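Take a look at the structure set out below.
The values are calculated or read from the model by the stated rules, or taken from the named source; none is laboratory data. Since this is a predicted model, take the numbers as computed values, not measurements. In this analysis, Cβ positions are derived from the backbone assuming ideal geometry, glycine residues included, and neighbour counts consider all displayed protein chains. Accessible surface is based on the protein model in full, side chains and every heavy atom, while ligands, DNA and RNA are left aside. Shrake-Rupley method; radii C 1.70, N 1.55, O 1.52, S 1.80 Å.
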Amino acid sequence: MTASATPAASGTSPVPDLRSAADGIAGLLPRIGDEQLGDPTPCPAYAVREILAHIHGLATAFRDAGRKDLGPTTDHSPDAERPVLPDDWRTAIPQRLDELVKAWRAPGAWEGMTQAGGVTLPGAVAGRVALNELVVHGWDLARATGQPYAPDEASMAVSRELLTPTGDDELREGIFGPVVAVPDGAPLLDRIVGLSGRRPDWTPADAR
C-alpha cells in the first residue's frame, strides 16, 4: 500500500499511509552492526544510536498521537533530553513502527486534534509530520550506515509539501535547519533532504 492509498476516515479523500516509510526503516535495521552505533550521522549531535533511539521515540509518540492516547509520550519535546536506545532495539523499533502504522490506519486518527512533542495540532497534520519524520530519519540512518534508501514517491510527495517553506518562518524555526540549495533537476529525495536542512551529498567522512 502506498502513502496515498488509505481512505480518509470520512471516506471522501485519501490520506497518507505510513507502511512503506516504516518498512523502509525496518529494512535498514538488520544490516546495522553494533560497531556502527557510535558512527556519525547527518545530524551533528546524534550518532547512529541516537538516531535509532529518536526513531523509537517518535514512533511511540506518534503512535499515541494517532490513538489520541495523550500523556507522557506526547506532551514534551523530543529535544528535552537526549534519546536513549533500548537494549532490545532490534525488535522494539520494528514493533513500534508497526504499531505506528496501525494507529494511523484507524478510523478517526486523521480527524480532530491531537498532540505530539508537546504541541497540539490537527490529526491531519500530525499524521503527515509522522510520515515526514520517517522519510527524513530513514535517510539519516541509511546515509550514516552506507545503505541504499529509496522511499516511495507518494511518501516523498507528502514530505516535500510539508517541508517547502510557506513564508511563515516560525513553522520551521527550531524544527528544521536552513534550506540547503540543491541543483535544478535534482532527484526528489535530494530536494527533500535539502529542504530539511541537510546536505544530500553528506557522507560520514564529512564528520571526521
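Per-structure values
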read-out: Approximate shape of the chain as ellipsoid semi-axes (Cα gyration tensor, √5λ), whole Å, largest first; value: 25, 20, 17
read-out: Peptides 186-192, 117-123 ordered by average Cβ neighbours within 10 Å, highest first; value: 186-192, 117-123
read-out: Max mean-square fluctuation residue, GNM over the chain, Cα-Cα springs under 10 Å, options D17, D34, D69; value: D34
read-out: Residue with peak Gaussian network fluctuation, the chain [Cα springs, cutoff 10 Å], from H137, H56, H76; value: H76
read-out: Cβ-placed point charges (K, R +1; D, E -1), dipole of the chain about Cα centre in debye, nearest 20; value: 320
read-out: Apportionment of accessible area to carbon and sulfur, the chain, percent (1.4 Å); value: 54
read-out: Dipole magnitude (debye, nearest 20) for the range 32-138, charges at Cβ of Lys, Arg, Asp, Glu; value: 420
read-out: Student exercise, the range 56-119 dipole from Lys, Arg, Asp, Glu Cβ charges, in Debye to nearest 20; value: 220
read-out: 5 angstrom amide H check on V15, placed H, neighbours 5+ away; value: T6, A8
read-out: Nearest-0.05 FRET efficiency for A45 and T164, computed from C-beta distance (R0 25 Å); value: 0.50
read-out: Extended-chain gain in nm, criterion 0.36 nm per residue less alpha-carbon gap, T73 and R199; value: 42.3 nm
read-out: Gain in span if fully extended, E111 to R208, counting 0.36 nm per residue against the direct Cα distance; value: 30.4 nm
read-out: Sites V84 and Q36 - FRET efficiency at Förster radius 22 Å, r taken between beta-carbons, to 0.05; value: 0.80
read-out: Residues with amide H under 5 Å from that of T114, placed H, sequence gap 5 or more; value: L121, G123
read-out: The chain: most fluctuating residue of A21, A59, A92 per GNM, C-alpha cutoff 10 Å; value: A92
read-out: Spin-label model distance (nm) - L121 vs Q95, 7 Å beyond Cα toward Cβ; value: 2.8
